[in-house]
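*Asks:* Starting off with a structure, shown below.
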Amino acid sequence: MDTAMQKDQQDPLAKFKEEFFVEPGTIYMDGNSLGLMSKRAETKLIALMDSWKQFGIEGWTEGEHPWFTLAETLSEKAAPLFGAKAHEVMVTGSITSNIHQMLSTVYAPTEERFVILVDELNFPSDIYAVESHLRLRGQDPAIAMRKVPSRDGYTLELEDILAEMKDDVAVLLLPSVLYRSGQLLPLREITQAAHKHGIIAGFDLAHSAGAMPHNLHADGVDFAVWCHYKYMNSGPGGTGGLYLHERHHDLNPGIAGWFGSDKAKQFDMDHSFTKAEGAGAYQVGTPNIFSMAPLIGSLELFEEAGIDKVRSKSLELTTMLRERLAALVPSLMDVTPKADGQRGGHIAVAHPEAARICKALKKAGIVPDFRAPDIIRLAPIAFYTSFEDVEKVVLALQDIIEHELYKEFSNERNVVA
């Protein structure tokens, strides 16, 4: 505990914990699923609600944050977090709707090249989206969707990904960080290999956005999608984001809508679609202003803290967490890759009683994240998790498992864990 206190005293990001609403007596370790509300996010949401109250329809062009250009403004601020040019990023939609937009735009199957490459550990929604596009294009998902196999059920091997890049693959869609294990994939290497095979490379950044810096443009990534409600703390159902490399900006959006129009001509009400320049063209419907509002405050925090410092503290927190768990709770199997460059912002441990252990943790005032069938995910968040918090979590787990406190709970899963 003394070491943890010393680290907290030396932590340059410690002051940011006061920016967040942390329930007294609770240690929140589920920010990789839903981040906590910040005071600034609350303030910005209230301000945008007030702009509706004050201006009515004039709020589209009046006030501190005019709604008509809010998405573009936020996209410009978010772009540096992803190593992208401002016109390559768009705050819009959700992960799944943006996958649909990107696939409808870049996936052009031919007789020779029609496969979409995914992985068997991918998040279900991504798979559902891919299957639907294959069916819409007259393809059989059983043939045209290829899954990279996992050797251990938790992680992927780069050589296995490369082995599946055959000449019939048109697009790959992989996670940057695997949600079950926290494994960080090498985006640059995968993208470069894909391009050698003529494959368009896309990534779901759900579990890396806001947890680490990205270099999407320099890495040559073709497209990416993400949410802002996990590490970026924009609130439940907060508007997502997409990235499309500028070399693809000549493509018409597969799913066209009014807000993908050139803003200078949007109100001409012409039935001929004139697409916006850059990633703005891949918006569809009217922006969800209140769902974007918290992101204004969240991005301010990232600008002040710096994403490199966020990543540095995240790695320190997760290193301490896994080392202390290995020493005090060896019955938990750590399934997250060891190297800093191979993991995201959370640690995943496996245990046959994972569901019951998570319930016991919640009773102890600790909020973890359970993923079936046997995974406990623990995400110490750089903004609001202290090193002392990490130590307390480890000691709680030690107590729960050594004294089998989890046995007072059923193994039935909650709808949301």
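The values are calculated or read from the model by the stated rules, or taken from the named source; none is laboratory data. Everything quoted here is computed from the prediction, not taken from an experiment. For neighbour counting, all protein chains shown are included, and Cβ atoms are generated from backbone atoms with ideal geometry for every residue, glycine included.
*Asks:* Would you point out which residue out of Ala379, Ala350, Ala360, Ala327 is closer than 20 Å to Ser150 by Cβ and at pLDDT 95 or above?
*Replies:* Ala350
*Asks:* Still on this structure: Run down Tyr107, Tyr128 and say which single residue is of a type in the set (Ser, Thr, Tyr) and either without any contact (Cβ under 8 Å) to a residue 12 or more places away in the chain or crowded, with 18+ Cβ neighbours inside 10 Å (or both).
*Replies:* Tyr107
*Asks:* Do you know which residues across segment 1-43 are of a type in the set (A, V, I, L, M, F, W, C) and in a loop (DSSP other than H, G, I, E, B)?
*Replies:* Residues satisfying the conditions are Met1, Leu13, Phe21, Val22, Met29, Leu34, Leu36, Met37.
*Asks:* Hey, any hits in segment 289-312 for a residue that's among the charged types (D, E, K, R), over 30 Å from Glu64 (Cβ atoms) and modelled with pLDDT of 95 or more? Let's see the steps before the verdict.
*Replies:* Of the residues in segment 289-312, the ones among the charged types (D, E, K, R) are 300, 303-304, 308-309, 311.
Pick out the ones that are also over 30 Å from Glu64 (Cβ atoms) and you get 311.
Remaining after also requiring modelled with pLDDT of 95 or more: 311.
Yes.
*Asks:* Assuming Glu412 fulfils every condition listed in (1) surrounded by 21 or more Cβ atoms within 10 Å (Cβ to Cβ); (2) part of a loop (DSSP other than H, G, I, E, B); (3) charged (D, E, K, R) apart from one, which condition is it?
*Replies:* With respect to (1) surrounded by 21 or more Cβ atoms within 10 Å (Cβ to Cβ); (2) part of a loop (DSSP other than H, G, I, E, B); (3) charged (D, E, K, R), Glu412 is out only on (1).
*Asks:* Continuing with this model, one more query. In segment 64-82, is there at least one residue being surrounded by 15 or more Cβ atoms within 10 Å (Cβ to Cβ), assigned to a loop (DSSP other than H, G, I, E, B) and aliphatic (A, V, I, L, M)?
*Replies:* No, segment 64-82 contains no residue that is surrounded by 15 or more Cβ atoms within 10 Å (Cβ to Cβ), assigned to a loop (DSSP other than H, G, I, E, B) and aliphatic (A, V, I, L, M).
*Asks:* Could you please find all residues in segment 324-338 being charged (D, E, K, R), surrounded by 13 or more Cβ atoms within 10 Å (Cβ to Cβ) and outside any strand (DSSP E or B)?
*Replies:* The one that is charged (D, E, K, R), surrounded by 13 or more Cβ atoms within 10 Å (Cβ to Cβ) and outside any strand (DSSP E or B): Arg324.
*Asks:* In the list Gly63, Gly83, Gly138, Gly93, which residue meets the criterion of being touching a Phe, Trp or Tyr at 6+ places or on another chain (Cβ under 8 Å) and at positive phi?
*Replies:* Gly63
*Asks:* In this structure, does Glu18 turn out to be assigned by TED's automatic domain parsing to the domain that holds Ala281, of a type in the set (D, E, K, R) and either under 15 Å from Trp226 (Cβ atoms) or modelled with pLDDT of 95 or more (or both)?
*Replies:* Judged against the criteria, Glu18 is not a match.
*Asks:* Check whether at least one residue in segment 389-400 is touching an Asp or Glu at 6+ places or on another chain (Cβ under 7 Å) and over 21 Å from Gln183 (Cβ atoms), and report yes or no.
*Replies:* No: segment 389-400 contains no residue that is touching an Asp or Glu at 6+ places or on another chain (Cβ under 7 Å) and over 21 Å from Gln183 (Cβ atoms).
Table: residues versus (1) in contact (Cβ under 8 Å) with a residue 40 or more places away in the chain; (2) assigned by TED's automatic domain parsing to the domain that holds Asn233; (3) under 30 Å from Phe123 (Cα atoms); (4) not small (Gly, Ala, Ser).
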residue: Ala41; (1), (2), (3), (4): yes, no, yes, no
residue: Ile57; (1), (2), (3), (4): no, yes, no, yes
residue: His65; (1), (2), (3), (4): yes, yes, no, yes
residue: Thr69; (1), (2), (3), (4): yes, yes, no, yes
residue: Glu76; (1), (2), (3), (4): no, yes, yes, yes
residue: Leu81; (1), (2), (3), (4): yes, yes, yes, yes
residue: Glu88; (1), (2), (3), (4): yes, yes, yes, yes
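*Asks:* Select from segment 358-369 the residues that are crowded, with 23+ Cβ neighbours inside 10 Å and of a type in the set (A, V, I, L, M, F, W, C) and write down the one among them that is farthest from Met320 (Cα to Cα).
*Replies:* Ala360
*Asks:* Could you tell me whether any residue of segment 31-48 is surrounded by fewer than 16 Cβ atoms within 10 Å (Cβ to Cβ), in contact with a helix residue (DSSP H, G or I) (Cβ under 9 Å, 6 or more places away or on another chain), within 30 Å of Asp204 (Cα to Cα) and hydroxyl-bearing (Ser, Thr, Tyr)?
*Replies:* yes
*Asks:* Okay, next question. Mind checking which residues of segment 371-385 are in contact with a strand residue (DSSP E or B) (Cβ under 6 Å, 6 or more places away or on another chain) and either in the same structural domain as Leu178 (by TED's automatic domain parsing) or not basic (Lys, Arg) (or both)?
*Replies:* Asp374, Ile375, Ile376, Leu378, Tyr384
*Asks:* Filter segment 1-16 for residues that are closer than 27 Å to Leu328 by Cα and among the charged types (D, E, K, R); which is farthest from the chain's Cα centre (by Cα)?
*Replies:* Here the answer is Asp2.
*Asks:* Go over the candidates Ala281, Ala218 one by one and state the one that is part of a helix (DSSP H, G or I), out of contact with any Leu (no Cβ under 9 Å at 6 or more places or on another chain) and touching a residue at least 12 places away in the same chain (Cβ under 8 Å).
*Replies:* Working: Ala281 fails: out of contact with any Leu (no Cβ under 9 Å at 6 or more places or on another chain).
On inspection, the qualifying residue turns out to be Ala218.
*Asks:* Another question, then. Please state which one of Ile127, Ile116 is closer than 21 Å to Lys230 by Cβ and not acidic (Asp, Glu).
*Replies:* Criteria check complete, one pass: Ile127.
*Asks:* Would you confirm, using the coordinates I've provided, whether Phe267 is in a helix (DSSP H, G or I), farther than 13 Å from Leu205 by Cβ and of a type outside the set (D, E, K, R)?
*Replies:* Values: in a helix (DSSP H, G or I): yes; farther than 13 Å from Leu205 by Cβ: yes; of a type outside the set (D, E, K, R): yes.
So Phe267 fits the description; yes.
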